[in-house]
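Participant: Structure incoming, see below.
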Amino acid sequence: MNHVIRDPQQGMKLSSKVRSDELVPSRYALRVGEIDVMVISDGVLTPPAESMATNADPAARGAWLDDMFLSREAFDWALNEVVVRSGDQTILVDSGLGVEYPDFPRAGQLGLRLEAAGIDLGSVTDVVLTHMHFDHVGGLLVDGVKERLRPDLRIHVSAAEVKFWATPDFSRTAMPPELANLARRASKQFLDKYRDQLCIFEEQQEVAPGVVVSRTGGHTPGHSVVRLTSGGDQLMFAGDAIFPVSFDHPEWHNGFEHDPEEATRVRIRLMRELVETGSWLVATHMPFPSIGRVALAGDVFRWVPTWWDY
């Protein structure tokens, strides 16, 4: 995997305005074989710390947070998306939080940060949604975004996900009622707005050469991951299947998981795959730029972040 900034004439289309005054790095470019990838930060969420391990003993959860120098009350949770260029297609994987959620003022930056990265929304040919939680579809709901997207835009999402959000069930999550209501509202708005542009798949779909989206279930019934394969290199965008705590405690349930037991099985299966293949991993809520590999550490796993390339 090579970390390079592509010539804009050969890579992603530049917009007319590029911000150069950002103080915090918000994008990271790399290549997977012949596929260009840019990880984009949508900012950070700050959920309650208990939401990352709802079935954990509070003392054990507190000890883990202490060991990581994190607050026992709340912690910064990265929100990452990726833009993929394969052949003549430009693919946005997830769209971030959007701007309608005042309780999360430090997220919802995707529009500005795509602009800062020189990526024109009109150049996006495909969107892949790992799932339809509000922090993954919200960027598509911002006023004016649909009008800037191509009329022939294809939005790839699993059939199980669309079916679930028609009558969503939160009975097995630990989401507070206000967030559950937010999730219902966002998914309905998304389906009302973009239903005619959905490209629905059952289990797996090739979106572009070397770019395959596959349903995993678990986190939501239609949760999916995106695998990139080119020139012997591999990268997995794991969406919400893997979290920072997952390496030490893959058995801990996340409060947003709609089937926590299945999500645990999916998480362990994907991390074993990552160990065996040596594939790079990017995940929505891993600390930016969220690029690394997974290694075994006894009976659990170890996160090995990439060395930054400047």
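Participant: When you look at Thr130, is it outside any loop (DSSP other than H, G, I, E, B), open to solvent by less than 10 Å² (accessible area, probe 1.4 Å) and hydroxyl-bearing (Ser, Thr, Tyr), yes or no? I'd like the intermediate steps shown before the answer.
Facilitator: Working: outside any loop (DSSP other than H, G, I, E, B): no; open to solvent by less than 10 Å² (accessible area, probe 1.4 Å): yes; hydroxyl-bearing (Ser, Thr, Tyr): yes.
No.
Participant: Could you grab me the full set of residues in region 249-289 that are closer than 15 Å to Thr54 by Cα and assigned to a loop (DSSP other than H, G, I, E, B)?
Facilitator: Residues satisfying the conditions are His249, Pro250, Glu251, Trp252, His253, Asn254, Gly255, Phe256, Glu257, His258, Asp259.
Participant: Any idea which of (1) assigned to a loop (DSSP other than H, G, I, E, B); (2) in contact with a strand residue (DSSP E or B) (Cβ under 6 Å, 6 or more places away or on another chain) is the one Arg72 doesn't satisfy?
Facilitator: So the condition that Arg72 fails would be (2).
Participant: Out of the residues in region 267-303 that are closer than 20 Å to Tyr28 by Cβ and in contact with an Asp or Glu (Cβ under 8 Å, 6 or more places away or on another chain), which is most open to solvent (accessible area, probe 1.4 Å)?
Facilitator: Filtering first and then ranking leaves Trp280.
Participant: In this structure, does Leu149 turn out to be surrounded by fewer than 21 Cβ atoms within 10 Å (Cβ to Cβ), touching a helix residue (DSSP H, G or I) at 6+ places or on another chain (Cβ under 6 Å) and under 20 Å from Ile40 (Cα atoms)?
Facilitator: Yes: the conditions hold for Leu149.
Participant: While we're looking at this one, here's another question. Which of the residues spanning region 197-232 are touching a strand residue (DSSP E or B) at 6+ places or on another chain (Cβ under 7 Å) and either modelled with pLDDT under 95 or of a type in the set (Ser, Thr, Tyr) (or both)?
Facilitator: Of everything in region 197-232, those that are touching a strand residue (DSSP E or B) at 6+ places or on another chain (Cβ under 7 Å) and either modelled with pLDDT under 95 or of a type in the set (Ser, Thr, Tyr) (or both) turn out to be Ser214, Thr216, Ser224, Ser230.
Participant: For Asp240, are the conditions met, namely being open to solvent by less than 10 Å² (accessible area, probe 1.4 Å) and either closer than 27 Å to Arg31 by Cβ or part of a loop (DSSP other than H, G, I, E, B) (or both)?
Facilitator: yes
Participant: Okay, moving on. Kindly provide the set of residues from region 28-40 that are crowded, with 18+ Cβ neighbours inside 10 Å and either farther than 17 Å from Leu121 by Cα or modelled with pLDDT under 95 (or both), ordered by number.
Facilitator: Once the filter is applied, which keeps residues that are crowded, with 18+ Cβ neighbours inside 10 Å and either farther than 17 Å from Leu121 by Cα or modelled with pLDDT under 95 (or both), region 28-40 yields Tyr28, Ala29, Leu30, Arg31, Val32, Ile35.
Participant: In addition: Out of Asp120, Asp143, Asp169, Asp135, report the one residue that is of a type in the set (D, E, K, R) and without any contact (Cβ under 8 Å) to a residue 60 or more places away in the chain.
Facilitator: Criteria check complete, one pass: Asp143.
Participant: Under the condition of being open to solvent by 70 Å² or more (accessible area, probe 1.4 Å) and of a type outside the set (Asp, Glu), which residue from region 49-58 is nearest to Ala180 (Cα to Cα)?
Facilitator: Restricting to residues being open to solvent by 70 Å² or more (accessible area, probe 1.4 Å) and of a type outside the set (Asp, Glu), the top hit is Asn55.
Participant: Kindly provide the set of residues from region 152-169 that are open to solvent by 10 Å² or more (accessible area, probe 1.4 Å), charged (D, E, K, R), under 18 Å from Gly218 (Cα atoms) and not in a loop (DSSP other than H, G, I, E, B), ordered by number.
Facilitator: Across region 152-169, the qualifying residue is only Lys163.
Participant: For region 191-206, which positions are touching a Ser or Thr at 6+ places or on another chain (Cβ under 9 Å) and either open to solvent by less than 60 Å² (accessible area, probe 1.4 Å) or among the small types (Gly, Ala, Ser) (or both)?
Facilitator: Scanning region 191-206 gives Phe201, Gln205.
Participant: So Lys188 passes all but one of these: (1) assigned to a helix (DSSP H, G or I); (2) touching a residue at least 12 places away in the same chain (Cβ under 8 Å); (3) more than 21 Å from Glu257 (Cα to Cα). Which condition number does it fail?
Facilitator: Condition (3) is where Lys188 drops out.
Participant: How about region 100-126: which of its residues are over 18 Å from Ala186 (Cβ atoms), part of a helix (DSSP H, G or I) and open to solvent by less than 30 Å² (accessible area, probe 1.4 Å)?
Facilitator: Leu114, Ala116, Leu121, Gly122, Ser123
Participant: Find the residue count for region 60-99, including only residues that are among the acidic types (Asp, Glu) and either buried (at least 24 other Cβ atoms within 10 Å of the Cβ) or under 19 Å from the mean Cα position of the chain (by Cα) (or both).
Facilitator: Residues in region 60-99 being among the acidic types (Asp, Glu) and either buried (at least 24 other Cβ atoms within 10 Å of the Cβ) or under 19 Å from the mean Cα position of the chain (by Cα) (or both): 3 in total.
The values are calculated or read from the model by the stated rules, or taken from the named source; none is laboratory data. Here the structure is a predicted model, which means the values were calculated and not measured. Ideal geometry is used to build each Cβ from the backbone, glycine not excepted, and the neighbour counts take in all protein chains shown. Just so you know, the surface numbers come from the protein's heavy atoms only, side chains and all, with ligands and any DNA or RNA stripped out. Shrake-Rupley method; radii C 1.70, N 1.55, O 1.52, S 1.80 Å.
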